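Step one of this worksheet: look at the structure below.
The values are calculated or read from the model by the stated rules, or taken from the named source; none is laboratory data. Computed from a prediction, not measured in an experiment: that's the story for all the values here. For neighbour counting, all protein chains shown are included, and Cβ atoms are generated from backbone atoms with ideal geometry for every residue, glycine included. Surface areas here come from the heavy atoms of the whole protein model, side chains and all, with no ligands, DNA or RNA. Shrake-Rupley method; radii C 1.70, N 1.55, O 1.52, S 1.80 Å.
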Amino acid sequence: MDSMDKQFKLAEEKLVVFVVSTTGNGDYPDNASKFMRWVRRKTHPTDMLPGLNYAILGLGDTNYSKYQQVPRQLDAALEHCGAKKFMKRGEADDAVGLAQFVEPWKEELWGALASFLHQEPLQPLQQQPSGHREQVHQQELHEEEENKGTALKHLTAVVTGAKYLTGIQAEKQVLHLELSFPQRVPYKPGDSISIKPENDLAEVDAFLALFNSTGTEHVSSEHNAAVVTPCSLREALTKYLDIMEPARTHLLAYLSEHCTDAQESQRLKHLSSSAGRLEYETAVQKRTPVRETLLAYPSARPPLLRLIEQLSPLRSRLYSISSSPLVDSSKLSIAFSVVDFPVRLAAGKTVRRKGVCTNWLQRLCKHLTDRSNAETCTTVVSLSVSIEGSDFTLPQDLTRPMILVGPGTGIAPFLSFLQHIRCLRSSGNQVGRITVFFGCRRADGLESDYIYADELRNLVQDGTIHELFTAFSQDAEDEAGAGMWRGVRLNVAYVQDYILEKGESICESIDAESGSLFVCGDGKSMAHDVHDALLSVLTKHAKRTREEALSYLSALQEAGRYKREIWS
């Protein structure tokens, strides 16, 4: 959208359809920030866009408090400038599944366009291969990356250390990696690192086997824009194309056109249609990858080099940095859960779904986590990475209190904060009171997932953390009412329980002392529960109504004093 003026002039257009998302905590998308700042200028006259008719499809996630903020702002700004909507704004929620909202909106769009243009109902254009679809803007996206600052893009990092932070029987394995760079990397606390993964070679082989292919076919960007360098098909499926994501509806529709079995063709058409949306969403929830879809429909075998045109690019994954550049700006560390979970299929069979990037990193670093040969192994693991900025940053005034809520791997960016503050304190800087709330399932033993336990205790001992409250949900369930164990309250299950218990001091830190509050971690339930606990605290101890408490937390977010970094 920032490149809009290179393509056309908004004031000269009669009809425009906008598809726009909200990122982070109500932030503009990277390629729309300049446009949004321009279109929202209050100095624009109310008749600036009198001839423009528009529709908006907003993309968002209800796990975030500022759901659909950017699409709504765009809608209001266009209306202020005199533009007219020709259909109701659509709002798609990624927490439920975008397709559930997008497909009906698209169908409505064709009718609305037909009415506006006084024509027969329009039909959607045939889905174009992803290679052609993405090539159009490839140069513009490259220019945007260059403009963002190439110093933090396309870096090479060497993995110098790896260790598990969890017990060997923990429900989720958390892996800590230490990365080293040949030069200083100017990152800041709260930033993330973007890592480009590769698909499992066994999955690539299985995919090729479905087509009796050796993988030696020549592939280039003409087949798919994600293939940035001409290579073999095997390399393209390994490095550039996503073969593990659930088959999208456009791919199912494409496969339906290449079935030799009429029933299979009809079934795929149904799943890719609005009538089959609920069944499709069920398949998506089971994370059925493309290969399994092809296995389920053995007559669907399009030409392989045409099929890869339909595949999505293998995207980089973001991980919060858990170290401070003040310790060593040529090194950083990350921590992540190795994604591996069971899914029960309709036939009663259970299969395991594995995260592409986390399992790839685990395989790459196996020699470092294997204590028997870690010291003698000379294998060097290099990664292609980028540093991504964030607004999840330390407040400017560090003399004010800070409250950090980070259960599980949500503690990772706070380790970056705390290491940074420890360095500042050692240099004589004044820092306010810091309270940390951490939660997991087990405190100790083979099932322990109390990550960075020693580091957190050391930060308490050296005075960086004023108070550390730890909640262990499974221990609390097993030992309810048992009192204390190693200084841990066993009947407090979750971080929100501690927030309710410590509500008075939280109100004093945030309300009376103008402190800041940070929440990081799982958005499925934790973020909502913590937000609700804060509302309860404000109504009880600050004597606000629930509506006043909601407005107060919104005001804190606007002021940058209540920040949330959450994921689904």
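Testing the spin-label approximation: label points 7 Å from Cα along Cα→Cβ at ASP328 and GLN461. State their distance in nm.
2.1 nm
If I model a spin label as a point 7 Å beyond the Cα along the Cα-Cβ vector, how far apart are those points for GLU222 and ASN31 in nm?
Placing both labels 7 Å along Cα→Cβ, they lie 2.5 nm apart.
When only C-alpha pairs under 8 Å and at least 6 residues apart count, what is the relative contact order of region 233-356, in percent?
Result for region 233-356 is 25 percent.
Could you sort 326-338, 204-216, 540-552 so that the peptide with the highest average Cβ count within 10 Å comes first and the rest follow in order?
Per-residue Cβ counts within 10 Å, averaged per peptide and sorted highest first, yield 326-338, 204-216, 540-552.
How much FRET efficiency would the formula 1/(1 + (r/R0)^6) give for GLN169 and LEU117, where r is the Cβ-Cβ distance and R0 is 60 Å, rounded to 0.05?
0.45
Determine the alpha carbon to alpha carbon distance for each of LYS42/LYS84; LYS9/LYS84; LYS196/LYS524 and list only those over 22 Å.
LYS196/LYS524
I need to check one value: relative contact order of the chain, counting alpha carbon pairs closer than 8 Å and at least 6 residues apart, in percent.
Once divided by the residue count of the chain, the mean separation gives 14 percent.
For the chain, what is the mean residue ellipticity at 222 nm derived from helices alone (per DSSP H run of n ≥ 4: -39500 (n - 2.57); sum divided by total residues; nearest 500 deg cm²/dmol)?
It comes out at -10000 deg cm²/dmol, rounded to the nearest 500.
What do the square roots of 5 times the Cα gyration tensor eigenvalues come to for region 270-379, in whole Å, largest first, as semi-axes of the equivalent ellipsoid?
Equivalent-ellipsoid dimensions as semi-axes: 38, 18, 17 Å.
For the chain, with all protein chains present and a 1.4 Å probe, just round the carbon and sulfur fraction of the accessible area to a whole percent.
Heavy-atom surface of the chain belonging to carbon and sulfur, 1.4 Å probe: 49 percent.
Based on the Cβ-Cβ distance from THR229 to GLU504, what FRET efficiency comes out when R0 is 45 Å, to the nearest 0.05?
My answer for the efficiency is 0.15.
Give me the net charge of GLU279's neighbourhood, meaning all other residues with Cβ under 14 Å from the Cβ of GLU279; Lys, Arg count +1, Asp, Glu -1.
Counting the neighbours of GLU279, the net charge comes to +2.
Normalised by the number of residues in region 314-425, what is the relative contact order in percent for Cα pairs under 8 Å and 6+ residues apart?
Here the relative contact order equals 34 percent.
Region 172-270: which GluC sites (Glu not before Pro) are DSSP loop and have at most 12 other beta-carbon atoms within 10 angstrom?
GLU257
Given H placed on each backbone N at 1.01 Å, which residues far from ILE566 in sequence or on other chains put an amide H within less than 5 Å of it?
Hits under the 5 Å cutoff: GLY521.
How would the chain be classified by its alpha-carbon gyration tensor: rounded, prolate or oblate, with rounded meaning a/c under 1.5 and the a/b versus b/c comparison settling the rest?
It comes out oblate by the Cα gyration axes.
For a test of the definition: using alpha carbon positions, the gyration tensor, and the 1.5 limit on a/c, classify region 205-350 as rounded, prolate or oblate.
oblate
Counting only pairs 8 or more residues apart or on different chains, how many lysine pairs in region 248-387 have their Cα atoms under 24 Å apart?
5
Where does the charge balance sit around LEU311 when Lys and Arg score +1, Asp and Glu -1, over other residues with C-beta under 9 Å from its C-beta?
-3
Mind listing which GluC sites (Glu not before Pro) in region 351-460 are in a DSSP loop and have 11 or fewer other Cβ atoms within 10 Å?
Hits after loop and neighbour filter: GLU375.
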